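Undergrad: So that we are looking at the same thing, I have put the structure below in C-alpha cells.
The values are calculated or read from the model by the stated rules, or taken from the named source; none is laboratory data. Since this is a predicted model, take the numbers as computed values, not measurements. Neighbour counts are summed over all protein chains in view; Cβ atoms, including those assigned to glycine, are modelled from backbone coordinates with ideal geometry.
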Amino acid sequence: MAAHADQFSIPTRGKGTYEITERCQEIVRASGIRTGTVTVFVQLRAPAW
C-alpha cells in the first residue's frame, strides 16, 4: 500500500474559512496515487502577540 505525506502553510487574517481544496488537489495529483483516502490535519497557531 502506497502512502504519501506533505505539508503547506497559508497566511490567514484571523477567524474565518480558508479555501485549501486546490492546494490539496495539487499535492494528491503530484503524489501519483490514484485511489485511496486523503486525511487533512489542520494545526491552528495562536498569534504571537
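Undergrad: Evaluate the following for residue 25: is it of a type in the set (S, T, N, Q), out of contact with any Pro (no Cβ under 7 Å at 6 or more places or on another chain) and surrounded by 10 or more Cβ atoms within 10 Å (Cβ to Cβ)?
TA: yes
Undergrad: Okay, moving on. Hey, can you tell me all the residues within the stretch 1-22 that are hydrophobic (A, V, I, L, M, F, W, C), surrounded by fewer than 10 Cβ atoms within 10 Å (Cβ to Cβ) and within 14 Å of the chain's Cα centre (by Cα)?
TA: 5, 8, 10, listed by residue number.
Undergrad: May I pose another question? Sort out which residues of the stretch 4-35 are modelled with pLDDT under 95 and among the small types (Gly, Ala, Ser), and write them in order of number.
TA: 9, 14, 16, listed by residue number.
Undergrad: List, please: which pairs have Cβ atoms under 8 Å, are six or more places apart or on different chains, and start with a residue in the stretch 16-45 that is within 12 Å of residue 2 (Cα to Cα) and end with one that is surrounded by 10 or more Cβ atoms within 10 Å (Cβ to Cβ) and among the acidic types (Asp, Glu)?
TA: 31/6
Undergrad: Collect the residues in the stretch 13-49 that are part of a loop (DSSP other than H, G, I, E, B) and either in contact with a Phe, Trp or Tyr (Cβ under 6 Å, 6 or more places away or on another chain) or among the hydrophobic types (A, V, I, L, M, F, W, C) (or both), keeping them in residue-number order.
TA: 20, 33, 38, 40, 41, 42, 44, 46, 48, 49
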